[in-house]
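The values are calculated or read from the model by the stated rules, or taken from the named source; none is laboratory data. Remember, it's a predicted structure, so these values are computed and weren't measured experimentally. Every residue, glycine as well, gets a Cβ built from its backbone with ideal geometry; the counts of neighbours run over all protein chains shown.
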Amino acid sequence: MAEIYLLAFCLQLAVAPVLYLVDRPLLGGLNLLCLAGYVVALVLHRRLFVATALTIKLSTFLIFVIIGIAITADSSSLIYYLLFAEVELMLADLRRRTKILVTGCLIALSFGVLRLPPLYGTDARLSTVDMLLSDLGLGLVFVMLCVVILRMLTITDRHEHRYRSDAMHDSLTRVLNRRAIFERASAYWKRGRGFAIVLVDADRFKEINDNYGHTAGDAVLRHLAGLLRDSLRGDDSVGRVGGEEFLILLPGAGKTEGVAAATRIRDRLSRHPCQLDDLVLPVTLSMGIARSREGEQLRDVIDLADRRLYAAKSAGRNQVVADGHAESAASSNAERLTLGAERAFEADDV
């Protein structure tokens with residue numbers, strides 16, 4: 001709304017000298033009244049007196065419009081000015097009842113003004129000057145409506161993009177969340193596109209929380225998420241699927257590319273350890289890798305990657321396992337991951 005007030009002020013300020021040049025001092029004076037009203041409305045709006053600000057702004061605007069119509073005897077243009085006033089009203093942060101009540105008042109005002117005779121001493125016929133002023137006023141209203149609509153579309157698109165981004169990303173690490181990464185893997189699977197999955201787990205993460213606090217734990221997760229993201233190719237994806245667990249999706253990759261990605265991640269972590277102020281936090285990563293061709297269904301591939309991750313941790317942590325364990329019994333952690341994947345697949349099917 002503040003932008004609308006500023007736009008209206010600038011446009012009517014530009015019109016002010018025109019009204020005096022064409023010998024319409026009454027309209028010029030009313031125009032100055034409008035400008036003062038807009039300034040007061042803008043100040044009140046910035047101080048959160050929204051209803052009062054809108055009342056002052058619309059009142060001065062409508063007084064100017066009604067008297068201008070009475071002077072020029074051009075009541076046919078009233079509906080366009082009232083339309084802009086209605087747009088301002090609908091955009092204001094007011095209660096619905098208030099908007100409905102004021103809309104009714106605007107409708108009643110339109111019927112009343114349309115039946116008013118011209119002011120005494122004015123010609124019922126439009127002069128050339130009055131026709132030009134009427135056209136100028138309608139043109140400015142049209143410009144303001146276009147600007148307001150374009151501005152609202154921009155704001156709507158921006159908010160929609162932000163809400164979609166928030167719905168797909170983990171709030172702490174800003175990588176994809178559990179549902180989004182599983183849905184992306186499901187889309188690759190349905191299209192028959194080969195890929196590799198790397199499950200990553202931060203070793204002894206609970207000890208970091210216990211010894212250094214949850215602030216340090218959050219810093220570790222953010223650091224790891226950024227490190228994983230920076231270590232991947234342009235079309236790779238990473239998502240957080242558990243407390244300290246991440247899933248990396250490598251489209252078109254096999255075992256060699258998967259191991260290479262895991263190696264890049266470990267090398268980068270060794271060069272850029274996680275720090276909290278001057279404290280270096282001891283974090284290593286265990287990883288399990290599986291390829292899409294190693295399972296009959298996607299959940300089988302995720303389950304296999306998780307069993308290999310479990311094997312890496314059992315082997316002493318800070319390991320990468322990309323072979324074997326295809327026939328091992330699923331761990332409880334694998335069951336939890338698979339359940340999350342199944343829910344994502346079911347929602348995607350719906």
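What the table below lists for this structure:
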{"read-out": "Residue list for the stretch 267-296, filter: in contact (Cβ under 8 Å) with a residue 60 or more places away in the chain and not in a loop (DSSP other than H, G, I, E, B)", "value": "Leu276, Leu279, Leu285, Ser286, Met287, Gly288, Ile289, Ala290, Arg291, Ser292, Arg293"}
{"read-out": "Leu232 being closer than 23 Å to Glu183 by Cβ, surrounded by fewer than 19 Cβ atoms within 10 Å (Cβ to Cβ) and assigned by TED's automatic domain parsing to the domain that holds Val320", "value": "yes"}
{"read-out": "Arg193 in a helix (DSSP H, G or I) and either over 24 Å from Leu279 (Cα atoms) or touching an Asp or Glu at 6+ places or on another chain (Cβ under 7 Å) (or both)", "value": "no"}
{"read-out": "Selection status of Ala70, closer than 20 Å to Leu145 by Cα, touching a Leu at 6+ places or on another chain (Cβ under 9 Å) and either assigned by TED's automatic domain parsing to the domain that holds Gly112 or at pLDDT below 80 (or both)", "value": "no"}
{"read-out": "Arg46 basic (Lys, Arg), surrounded by fewer than 21 Cβ atoms within 10 Å (Cβ to Cβ) and either touching a residue at least 60 places away in the same chain (Cβ under 8 Å) or not assigned by TED's automatic domain parsing to the domain that holds Leu145 (or both)", "value": "no"}
{"read-out": "Among the residues listed as Asp210, Asp166, Asp230, the single one being charged (D, E, K, R) and touching a residue at least 12 places away in the same chain (Cβ under 8 Å)", "value": "Asp230"}
{"read-out": "Some residue of the stretch 178-188 being surrounded by 12 or more Cβ atoms within 10 Å (Cβ to Cβ) and closer than 30 Å to Ser77 by Cα", "value": "no"}
{"read-out": "Any hit, the stretch 260-270, residues being surrounded by 20 or more Cβ atoms within 10 Å (Cβ to Cβ), in the same structural domain as Ala185 (by TED's automatic domain parsing), within 17 Å of Ala202 (Cβ to Cβ) and of a type in the set (Asp, Glu)", "value": "no"}
{"read-out": "Hits in the stretch 306-323 (condition: touching a helix residue (DSSP H, G or I) at 6+ places or on another chain (Cβ under 7 Å) and either free of Cβ contacts under 8 Å to residues at least 12 places away in the same chain or in a loop (DSSP other than H, G, I, E, B) (or both))", "value": "Gln319, Ala322"}
